[in-house]
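Below you'll find the structure, written out as structure tokens, and then a few comments.
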Amino acid sequence: MAPKAFPPVPDGPWPVGFQTLELAKGGRRVQGCVWYPAGARGGAPRAYFTQADAAAQAAASRARGAPEPDTALLTRLPSQARPDAPPAKGAFPLVVFNHGAGLGPLANVSLMESLASWGLVAACVGHAQESAALVWRDGSSTLIRPDLIAWMQTPPEARAPFLRILLAQEEAARRQALAAFMQADNGHLRTLSRLWAQDSLALVDGLFADGDDPPTEDLRGALDRKRLIYGGM
């Protein structure tokens, strides 16, 4: 059996474009990595990680005492997204996606490309100082706070009710497990969740608002404002 391509090639009918959005709201700096259905396959695809992305990721790993990633591999891996490719004609649903704690908006490239290839605009939210590493258009980077990794971990006493939330079959059981989790968590993940919800709403405002900052006017015109989905890890 032939090995599958890695990273996986999107299996939808649309080519994929890529843009970034940067904004500041509520005292927080937010980055949006946006994948979308493109009108053509022209142009060179973006690398999975640029040299700047890989260097920032390695710096973030060093800051928290974790093994450094293979930056040469990250920059050799191809993506399927064409930077700033013209969006396809039409109006497409918007999916706003939050990466897992301690990761970053490029951690789910293959999933985002797949969604875009099937006719959705997929926007990953980057949270300054909480995403592992963000590289901005001016060449600067923001790394995760080294002390934040331990802070984001679910306390041991909260893990059992958290698992019951995931496994419960009935709504009443889920609500009971959620109440137990919130009490045991002492507000750690609750605080982070509120901040990330704030960032997600700010990104949507930035995508829909008129202005000179990317996304381009064509991409704004490709958003179906009546179909909005929030998801994440």
- prompt: Of the conditions (1) in contact with a strand residue (DSSP E or B) (Cβ under 7 Å, 6 or more places away or on another chain); (2) under 15 Å from residue 123 (Cα atoms), residue 201 fails just one. Which one is it?
  reply: (1)
task: With the condition kept exactly as written, say whether any residue in the stretch 186-193 is under 30 Å from residue 57 (Cα atoms), modelled with pLDDT of 90 or more and aliphatic (A, V, I, L, M).
output: no
message: I'm checking my understanding of the structure. Among residues of the stretch 125-147 that are in contact with a Leu (Cβ under 7 Å, 6 or more places away or on another chain) and of a type in the set (A, V, I, L, M), which one is modelled with the highest pLDDT?
response: 125
- request: Working only within the stretch 128-148, note down all residues that are open to solvent by less than 50 Å² (accessible area, probe 1.4 Å) and touching a Gly at 6+ places or on another chain (Cβ under 9 Å).
  value: 130, 131, 132, 133, 134, 142, 144, 148
query: Yes or no: residue 56 among the hydrophobic types (A, V, I, L, M, F, W, C) and crowded, with 16+ Cβ neighbours inside 10 Å?
result: yes
field: Search result, residues across the stretch 67-107 that are under 25 Å from residue 195 (Cα atoms), small (Gly, Ala, Ser) and surrounded by 13 or more Cβ atoms within 10 Å (Cβ to Cβ)
entry: 101, 102, 104, 107
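Return the residues of the stretch 109-143 that are of a type in the set (S, T, N, Q) and without any contact (Cβ under 8 Å) to a residue 24 or more places away in the chain; say none if nothing qualifies. Steps first, answer last, please.
Restricting attention to the stretch 109-143, the residues satisfying the condition of being of a type in the set (S, T, N, Q) are 110, 114, 117, 129, 131, 140-142.
Of everything in the stretch 109-143, those that are of a type in the set (S, T, N, Q) and without any contact (Cβ under 8 Å) to a residue 24 or more places away in the chain turn out to be 129, 140.
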- request: Taking the residues in the stretch 201-216 that are open to solvent by 70 Å² or more (accessible area, probe 1.4 Å) and modelled with pLDDT of 80 or more as candidates, determine which candidate is nearest to residue 130 (Cα to Cα).
  value: 201
- request: List the number of the failed condition for residue 224; all other conditions in (1) of a type outside the set (Ser, Thr, Tyr); (2) open to solvent by 50 Å² or more (accessible area, probe 1.4 Å); (3) part of a strand (DSSP E or B) hold.
  value: (2)
- prompt: So which residues in the stretch 148-161 are farther than 27 Å from residue 133 by Cβ and modelled with pLDDT under 85?
  reply: 156, 157, 158, 159
task: Within the stretch 156-200, count every residue that is surrounded by fewer than 15 Cβ atoms within 10 Å (Cβ to Cβ) and closer than 23 Å to residue 136 by Cα.
output: 2
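The values are calculated or read from the model by the stated rules, or taken from the named source; none is laboratory data. Please read these numbers as outputs of a predicted model, since none were measured by experiment. Heads up, the Cβs are rebuilt from the backbone with ideal geometry, glycines too, and the neighbour counts pull from every protein chain shown. To get the accessible areas, we keep the full protein, side chains included, count just its heavy atoms, and leave off ligands, DNA and RNA. Shrake-Rupley method; radii C 1.70, N 1.55, O 1.52, S 1.80 Å.
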